[in-house]
1. Residues of the chain: accessible area per residue at 1.4 Å, in Å²?
2. Using a 1.4 Å probe over the heavy atoms of the protein chains, calculate the carbon and sulfur portion of the accessible area of the chain as a whole percent.
3. Along the charge dipole of the chain, pointing to its positive end and built from +1/-1 on Cβ of Lys, Arg, Asp and Glu, which listed residue (Leu30, Leu237, Met2) has its Cα farthest out?
4. Would you mind working out the magnitude of the charge dipole of the chain relative to its Cα centre, with +1 at each Lys and Arg C-beta and -1 at each Asp and Glu C-beta, to the nearest 20 Debye?
5. Where does each of 40-50, 145-155 land if you order them by average Cβ count within 10 Å, highest first?
6. How far apart, in nm, are two points set 7 Å out from the Cα along the Cα-to-Cβ line at Val90 and at Ala66?
7. Between Arg80 and Ala166, what FRET efficiency comes out of the Förster formula 1/(1 + (r/R0)^6) with R0 = 45 Å and r the beta carbon distance, rounded to 0.05?
8. Ordered by residue, what ³J(HN,Hα) values in Hz, to whole numbers, does the range 119-132 give under the Karplus form 6.51 cos²θ - 1.76 cosθ + 1.60, where θ = phi - 60° and Gly and Pro are x?
Amino acid sequence: MMRHYLLRSVHDRAATAVRWDISAKRRWGLPGTECPACEAGGGTLGLTYPSVDLAPLPEEREYRRARSVPWDEYVRLRDRILPLMPPLAVVEPGIDLGPLEGSVRGHPSLIAMDETRNLFVQPEGAERLLAAGLRGIKPEPTALKVQRGAPPLLELELVVSGGYSADCQPERVGAPCPVCGTQRWGLLPYYWGLDPESVPDADVFRFWHHPGRIIVSEHFAEVLHGMGNTGLQVTELPVRRPSEAGAPP
């Protein structure tokens, strides 16, 4: 069975030689809103789609300013961009769209993660990932200004997928909202495992229940290790099939 890992930044600055930070914002985004039926909102960390180009839309400027709008206005803006979204994209209020614009200080490694869980690669890093045959590697250009002599940064657009293993599956609370489709869940588990049947055809992806969590395969972890000190670390996740639910971890 393929092993999977949670990808994180190394928070102990003394433990890594990587020193960099980023000041940037996304070019476009959907506004926030509140469902009139269940009062659910959006703003989930990690729902970013840098490949989406809203420039051809006559109303593209309506997506440039972060704000909250009434539900009907949100639906109008959401439906207008649906044909431009990647396949299987998760579309919610507050999602970020288009390239990042801003500046980078310092020198990120071949692959790097910022504080808002965006994953970046230098062109050489992207070549290494692709040459290794890793699946789900989709480098997208950014509009980030880097320091003189530093290579440009690309951003990896990640699919959102995966689910909890059966022994730690949170309980559904009621039925999905008939207006916005939001499903309420009970308390999410602190210690959790990954259902292998839910893993997408990708070696790196965002976890569906918590898109701010980036999950990588064993193959990805091996390639990452070969890149040297990247400022990133991996922690293995338990992976159990439903028939193994309740078995000792």
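1. Numbers: 13060 Å² over 249 residues.
Per residue, the chain has 52 Å² of solvent-accessible surface.
2. 51 percent
3. Going by the charge dipole, the pick is Leu30.
4. Details: 27 positive and 31 negative charges, 118 e Å.
In total the dipole reaches around 560 debye.
5. Those peptides, ordered most packed to least, come out 40-50, 145-155.
6. That separation, rounded to one decimal, is 1.9 nm.
7. So, using R0 = 45 Å, E works out to roughly 0.70.
8. The phi angles translate into 10, 10, 9, 6, x, 5, x, 4, 4, 5, 5, 6, 5, 7 Hz.
The values are calculated or read from the model by the stated rules, or taken from the named source; none is laboratory data. The shown structure was predicted, so the numbers you read here are calculated from the model rather than taken from an experiment. Glycine also receives a Cβ, built like all others from the backbone with ideal geometry; neighbour counts cover every protein chain displayed. For the accessible areas, the whole protein counts, side chains as well, though only heavy atoms, and no ligand, DNA or RNA atoms are used. Shrake-Rupley method; radii C 1.70, N 1.55, O 1.52, S 1.80 Å.
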